[in-house]
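Before any comments, here is the structure.
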Amino acid sequence: MSATAPSSPPGTAREVFAAFARLGLTGFGGPIAHLAYFREEFVRRRGWLDDARYAQLLSLCQFLPGPASSQMGLAIGLLRAGWRGALAAFVAFTLPSALAMFAFAALAPRLNQGLGAAAVHGLKLVAVVVVAHGLLGMARRLTPDWPRAALALAAAALVSLSGSAWAQLLAIAAGGVLGRWLCRSARTETASGFALPYGRRAALAFAAAFALGLALALLWPQSASATPTALAAAFYRAGALVFGGGHVVLPLLQQAVVDSGWIGADRFLAGYGAAQAMPGPMFSLAAFLGAETPLAAPAAVGAAIALAALFLPGFLILLAALPAWKTLAGRPAAASAMAGVNAAVVGLLAAALWSICGAGVRGWSDTAIVAVGFALLAVARLSALWIVLWCLLAAVAASLLG
């Protein structure tokens, strides 16, 4: 397919930055909501894309590992204003929530007692509610039949019993292989070409960079002592193996920073809960986790390393796949393999939910708070901000009454 760029991009990096900055400040609700915001802003309101092109980009971003909404934003910025537009879209959409999560890391040590501790515990309950709701929605959509449900259960059992990064990688790989035979009824969309500022040779370079980074991240030894290189490897590995983005990255990050002993489970869940109250991409949680990781360097260095390492693999694989997407999506095997991978991802999220319930839910009062929060989110369909408010106030009230 042709990958020749037009003589000049149709827009400027400045207009891309302005559009995505507004979404970065107001885009609450998680990745699915972000994709809806993008369509409203760039298809209906600004006319940068038509619905067909938007659907083509969306199918690719959902097919690949990485943060789907951020990948979508990068692709829109790239098509609108070239490389500068891609960078502007990423920075404008991510920076507000990343700065907010970094600030939360600075304030967190002051919240270890009294009402502050109760509020932090409420954020842990937010994490339980949101992950449970995400798991339910993904299970309904991605495991609609018994073969995919079986793959999800097998993946959950494998990860729960092992708990290692290799077990998670094995579960995802096995889901793709078994999906070729067990999920033949699955279908995916076929996409057409895009006018890109690079060609196949550059795409191969991006693919090689992604593969080299993943190989190094998987081979890098894990230890209880955090170093900048180990932090980069752990977050690159998580970003390269997460299919579905958002809540799905939770088990991978948990294994990277909690199981390794770098960050306590309580602090991890508090950060994840705080991320629900932020606009922008869920992957900005990396700023909090990087700042909290005990490196022999300023907290800002850890935050920057974690952010860059978590986002980079998804962007590399997106840039590698864009020129060849029409060919890849046209093969029937791609749909069945991806269906198996998605089913395995549901299992990974189920294992993560079981783990965070054990760390976050202490007794019957917490169970009641989570149940009400889940009802508000799943039945009343209130936004995540209302869930955060409910869990915070209820946890503080329970602390005062107790």
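The values are calculated or read from the model by the stated rules, or taken from the named source; none is laboratory data. Everything quoted here is computed from the prediction, not taken from an experiment. We place every Cβ from the backbone using ideal geometry, glycine too, and count neighbours over all the protein chains shown. SASA here: full protein model, heavy atoms, side chains in, ligands and nucleic acids out. Shrake-Rupley method; radii C 1.70, N 1.55, O 1.52, S 1.80 Å.
Things worth noting here:
- Here I76 clears all of (1) at negative phi; (2) open to solvent by 20 Å² or more (accessible area, probe 1.4 Å); (3) not basic (K, R) except the condition numbered (2).
- Residue list for region 362-374, filter: under 24 Å from the mean Cα position of the chain (by Cα) and either open to solvent by 40 Å² or more (accessible area, probe 1.4 Å) or among the polar types (S, T, N, Q) (or both): F374
- Unique match (being modelled with pLDDT under 90 and in contact with a Lys or Arg (Cβ under 7 Å, 6 or more places away or on another chain)) among G137, G116: G116
- Some residue of region 336-351 being in contact (Cβ under 8 Å) with a residue 12 or more places away in the chain, among the polar types (S, T, N, Q) and in a helix (DSSP H, G or I): yes
- Check on A215, under 19 Å from A304 (Cβ atoms) and in a helix (DSSP H, G or I): no
- Selection status of G82, surrounded by fewer than 19 Cβ atoms within 10 Å (Cβ to Cβ) and at positive phi: no
- Residue selection: A320 satisfies the criterion of being touching a helix residue (DSSP H, G or I) at 6+ places or on another chain (Cβ under 9 Å), at pLDDT 85 or above, aliphatic (A, V, I, L, M) and closer than 20 Å to Q71 by Cβ.
- Of the residues in region 377-398, none is at pLDDT below 85, closer than 27 Å to V242 by Cβ, part of a helix (DSSP H, G or I) and among the polar types (S, T, N, Q).
- Filter pass, L142 being of a type outside the set (S, T, Y) and closer than 30 Å to S185 by Cβ: yes
- Scanning region 276-302 for residues being in a helix (DSSP H, G or I), open to solvent by less than 10 Å² (accessible area, probe 1.4 Å) and of a type outside the set (F, W, Y) gives a total of 7.
Each row is one residue, and each column tells you yes or no for (1) over 15 Å from V341 (Cβ atoms); (2) over 21 Å from the mean Cα position of the chain (by Cα).
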| residue | (1), (2) |
| --- | --- |
| A127 | yes, no |
| V130 | yes, no |
| H133 | yes, no |
| L136 | yes, no |
| R141 | no, no |
| R148 | no, yes |
| L153 | yes, yes |
| A156 | no, no |
| V159 | no, no |
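- The helices (runs of 4 or more DSSP H) falling completely within region 10-92 that include 1 or more residues that are small (G, A, S) and more than 14 Å from P281 (Cα to Cα) map to 13-26, 51-63.
- In region 130-153, of all residues being free of Cβ contacts under 8 Å to residues at least 24 places away in the same chain and over 18 Å from A174 (Cβ atoms), the one that is least open to solvent (accessible area, probe 1.4 Å) corresponds to G137.
- Scanning region 233-275 for residues that are open to solvent by 10 Å² or more (accessible area, probe 1.4 Å), over 30 Å from A343 (Cβ atoms) and either among the aromatic types (F, W, Y) or part of a helix (DSSP H, G or I) (or both) yields a total of 3.
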